[in-house]
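Before any comments, here is the structure.
The values are calculated or read from the model by the stated rules, or taken from the named source; none is laboratory data. On a predicted model such as this, the values are computed, not experimentally measured, just so you know. Reconstructed Cβ throughout: ideal geometry from the backbone, glycine too, with neighbour counts over all protein chains shown. The accessibility values were calculated without ligands, DNA or RNA, using every heavy atom of the protein model including side chains. Shrake-Rupley method; radii C 1.70, N 1.55, O 1.52, S 1.80 Å.
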Amino acid sequence: MKEPKIIAFYLPQYHPTPHNDEWWGKGFTEWTNVAKAKPLFGGHYQPKIPADLGFYDLRLPEIREQQAELAREAGIDGFCYYEYWFGNGHEELELPFKEVLESGKPDFPFCLCWANESWYKKFWNNDGAVIDKKILAKQTYPGDEDIRNHFFARLNAFRDSRYMKYEGKLIYIIYKPLEHPEVKHFIQVWQQLAKENGLPEFYFIAFSFMAYHEGKDILSKGFDAIVSCRYNKNLIHNFSWAIRKIKSIILHRPRTNSYKKAWPTLIGDKERHDNRYLPVMMPNWDHTPRSGVKGDLFVGSTPQEFEKHCKDVLSAVSKKDNKLVFIKSWNEWGEGNYMEPDLRYGKGYIHALRNAINTIEL
């Protein structure tokens, strides 16, 4: 690859499902939390309202086409769709990607990230600590038969000409690599199944918030690389964050962190120089639509600051052999973590990324 290849994580939680109706109320989608969000302190940008695409429904093919067009405009090379395989054939939110696969549209590259974590309904106390969790969907790892069934459930995707590769290998990401008790075996079985079914090898990538700490352990499991997202774990374990947490409890407001000060920390030495550590660009973060005053967020994110962040990351990646870089995320509106146009900034973040790409190419 001559230029950085940019892949954006893509959340499919924008259509009603029977289980979400049961767990959260009829018609629930991610938009439910987004629309009811309120500002929790002076200057807090909430609610965040979508502009060009509106409060869309991912059952509509024209919405998926428009998303791809916007992503191309930004300079994004492909989407990484989250997939939810809980074991024994239990899936959630599979409809949007299934339709992308079966329809052949949009004609836009993609790969998959197995979001292998249990789903909970959480309850917090006044200091923001989780005091109770009601299990909604439990992540399980039943064994070899399930490993094979998972592979064959995705075989048509792996055979699709749109499926993204790195050095000829199929890109596949596991979100919680160390929570899978037999992840090394999983990797070995899928590599063998790929060979038996005439596929290229897999390029297995782990996602980690703490790659600087757990990277060696992850790579020992057979992963080729790590998507190293340095928010949020590396930011909360420091003195200044502890002070902000105390203030948030006293003032009954969410924990905040300056985006302008934070973005230079979102890429470290490993991500700049080690081909096994892949950097992440983050346009923003605001978890309060989901968790209210118990959440945490960046303040002061603007397209101008994001463009600086992108230039920093892309400049570093352009000097590496492995030029993969990820965006978290394309459309995680409930975490304030999106590239799609909103009413305040329009296409500002899309133009910011494109400007950064053009600068680096020059």
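Quick notes on this one:
- Rolling a 1.4 Å probe over the heavy atoms of the protein chains gives the chain an accessible area of 43 Å² per residue.
- Here the extension length gained between TYR120 and HIS44 equals 24.7 nm, from 0.36 nm per residue of separation less the Cα-Cα distance.
- Largest-first ordering by accessible area, 1.4 Å probe, given options TYR231, TYR45: TYR45, TYR231
- Here the contact order of the range 141-209, divided by its residue count and restricted to Cα pairs under 8 Å and six or more residues apart, works out to 41 percent.
- When the pairs LYS165/LYS323; LYS48/LYS138; LYS270/LYS319; LYS270/LYS323; LYS261/LYS311; LYS221/LYS319 are compared against a 20 Å limit on Cα-Cα distance, LYS48/LYS138; LYS221/LYS319 fall above it.
- CD proxy at 222 nm, helix term only [per DSSP H run n ≥ 4: -39500 (n - 2.57); per residue of the chain; nearest 500]: -10500 deg cm²/dmol
- Gain upon complete extension [ASN358, GLU3; 0.36 nm per residue less C-alpha separation]: 126.7 nm
- The portion of the accessible surface of the range 97-222 made up by carbon and sulfur, rounded to a whole percent, is 46 (1.4 Å probe; DNA, RNA and ligands excluded).
- Computed from point charges on the beta carbon alone (+1 for Lys and Arg, -1 for Asp and Glu), the dipole magnitude for the chain about its Cα centre is near 1300 Debye.
- Here the range 254-362 carries DSSP beta bridges of which approximately 40% are antiparallel, counting only pairs with both residues inside.
- At the residue level, LYS48 shows approximately 10 square angstrom of accessible surface with a 1.4 angstrom probe and all protein chains present.
- Partners for LYS216 among aspartates and glutamates (Cα-Cα distance below 13 Å; same-chain residues under 8 apart left out): ASP224, ASP274
- Counting all C-alpha pairs of the range 23-132, share separated by more than 19 Å (%): 63
- Given (i) 19.9, 72; (ii) 19.8, 60; (iii) 21.0, 63, the label whose value is Rg and Dmax of the Cα atoms in Å derived from this model: (ii)
- Built amide H within the under 5 Å cut-off of TYR82, gap 5+: TYR10, CYS113
- Cβ-Cβ distance of LYS26 and ASN156, R₀ of 30 Å, FRET efficiency by 1/(1 + (r/R0)^6): the value works out to about 0.40.
- Förster radius 25 Å - calculated FRET efficiency between GLU167 and ARG272 (Cβ-Cβ, nearest 0.05): 0.75
- Antiparallel DSSP beta bridges within the chain, percent to nearest 5: 30
- Using a simple spin-label model with pseudo-atoms 7 Å out from Cα toward Cβ, GLU179 and LYS138 lie 1.4 nm apart.
- Amide H to amide H distances under 5 Å link LEU324 with LYS5, where only residues 5 or more positions off or on other chains count and H is placed in the peptide plane.
- Residues of type aspartates and glutamates that LYS133 reaches as a straight line, Cα spacing below 14 Å, ignoring anything fewer than 8 places off in the same chain: GLU117
- Placing unit charges on each Cβ (+1 for Lys and Arg, -1 for Asp and Glu) gives the range 39-122 a dipole about its Cα centre, and among ASN88, GLN67, CYS111 the Cα reaching farthest toward its positive end belongs to ASN88.
- Inter-part distance where the range 336-358 and the range 192-234 are each reduced to a Cα centre, Å: 28
- With all protein chains in place and ligands, DNA and RNA left out, the 1.4 Å accessible area ranks HIS273, HIS287, HIS309 as HIS273, HIS287, HIS309, largest first.
- Cut-off under 5 Å, modelled amide H: who pairs with TYR203 long-range: LEU170, ILE171, TYR172
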